[in-house]
Amino acid sequence: MFTAVDTVSEEAMFIIKCLFIDNMAKVSWRPGTMVYPLPAALVTCGADREEWNMLTVAWTGTICSDPAMCYISVRPERHSYPIIRDRMEFTINLTTADMAKATDWAGVRSGKNYDKWKETGLTPIPGEKVASPTIEESPLSIECRVKSIVSLGSHDMFIAEVLNVRADDKYIDPETGRFSLESSGIMAYSHGNYYELGKLIGKFGFSVQKRK
């Protein structure tokens, strides 16, 4: 049985913690883009079929819930940049493992030199709320209208309002109406590599959920 004399003092515990921290393997790197994983999205743009184009974008995400808003960041030298800037709208198409090759190809080739629809085999269909097309093979497409453009450096950020969301009905449960995006083989991008979504760990709030 331990006595008060046997217990570790607060000072000793502090020393032990400091020694532990000193031995932790943390390496400092210069500032860089290290927030991963990210969506490997295909962004579509253009006012008509002659202008319709797509580009691969990983710098994208949600920035507001109500009103629903998101962003994409694009280099000004990209072929799609002036199209998005002039039309002030675009569509974010999420991609799947089956779309991996097309997604990568669209990111390393320019629409200035290639017909990306022909080369990738992806199918453009007219948008509902915007002129930019939806990719038929995408499980989820988000139609956006640009609210502002922020010049940041290497990229310009297009801040946009979400006008419409188009979901592939084959991932919707006809009885419950639940949309099962995870069953589509949704794809993510991390440090130059593409990954398919992994196993379920929990759902939002599971850490405080009461057991039945």
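Among the residues of the stretch 97-129, write down those that are part of a loop (DSSP other than H, G, I, E, B), more than 15 Å from Thr56 (Cα to Cα) and in contact with a strand residue (DSSP E or B) (Cβ under 6 Å, 6 or more places away or on another chain).
Once the filter is applied, which keeps residues that are part of a loop (DSSP other than H, G, I, E, B), more than 15 Å from Thr56 (Cα to Cα) and in contact with a strand residue (DSSP E or B) (Cβ under 6 Å, 6 or more places away or on another chain), the stretch 97-129 yields Gly127, Glu128, Lys129.
Within the stretch 97-116, which residues are buried (at least 20 other Cβ atoms within 10 Å of the Cβ) and either hydrophobic (A, V, I, L, M, F, W, C) or modelled with pLDDT of 95 or more (or both)?
Of everything in the stretch 97-116, those that are buried (at least 20 other Cβ atoms within 10 Å of the Cβ) and either hydrophobic (A, V, I, L, M, F, W, C) or modelled with pLDDT of 95 or more (or both) turn out to be Met99, Ala102, Thr103, Ala106, Lys116.
Any residue in the stretch 40-52 that is β-branched (Val, Ile, Thr) and under 28 Å from Gly153 (Cα atoms)?
The answer is yes; a qualifying residue exists.
Among the residues in the stretch 130-145, are any surrounded by fewer than 20 Cβ atoms within 10 Å (Cβ to Cβ), in contact with an Asp or Glu (Cβ under 9 Å, 6 or more places away or on another chain), in a loop (DSSP other than H, G, I, E, B) and not small (Gly, Ala, Ser)?
Yes: one or more hits.
Any chance the stretch 154-169 includes a residue that's more than 20 Å from Cys45 (Cα to Cα) and in contact with a helix residue (DSSP H, G or I) (Cβ under 7 Å, 6 or more places away or on another chain)?
no
Consider Phe158 carefully, then state whether it is aromatic (Phe, Trp, Tyr) and under 16 Å from the mean Cα position of the chain (by Cα).
Against the criterion (aromatic (Phe, Trp, Tyr) and under 16 Å from the mean Cα position of the chain (by Cα)), Phe158 qualifies.
So in the stretch 168-212, with the set limited to residues that are in contact (Cβ under 8 Å) with a residue 12 or more places away in the chain and aromatic (Phe, Trp, Tyr), which one is nearest to Glu136 (Cα to Cα)?
Tyr171
Scan the stretch 57-112 residue by residue and report those that are of a type in the set (Lys, Arg) and free of Cβ contacts under 8 Å to residues at least 60 places away in the same chain.
Arg78, Arg87, Lys101, Arg109, Lys112
Residue by residue through the stretch 171-198, note down the ones that are of a type in the set (Asp, Glu) and closer than 19 Å to Asn93 by Cα.
Matches in the stretch 171-198: Glu182, Glu196.
Does the stretch 128-136 contain at least one residue that is modelled with pLDDT of 95 or more and within 18 Å of the chain's Cα centre (by Cα)?
Within the stretch 128-136, one or more residues are modelled with pLDDT of 95 or more and within 18 Å of the chain's Cα centre (by Cα).
For residues in the stretch 117-129 being out of contact with any helix residue (DSSP H, G or I) (no Cβ under 8 Å at 6 or more places or on another chain) and without any contact (Cβ under 8 Å) to a residue 24 or more places away in the chain, which is surrounded by the fewest Cβ atoms within 10 Å (Cβ to Cβ)?
Step by step, filter the stretch 117-129, then rank; the result is Lys118.
Please enumerate the residues belonging to the stretch 146-164 that are in a loop (DSSP other than H, G, I, E, B) and either within 9 Å of Ser73 (Cα to Cα) or touching a residue at least 40 places away in the same chain (Cβ under 8 Å) (or both).
The answer is Leu152, Ser154, His155.
The values are calculated or read from the model by the stated rules, or taken from the named source; none is laboratory data. Remember, predicted model here, so these are calculated numbers, not experimental data. Quick reminder, even Gly has a Cβ in these numbers, built from the backbone with ideal geometry, and neighbours come from all protein chains shown.
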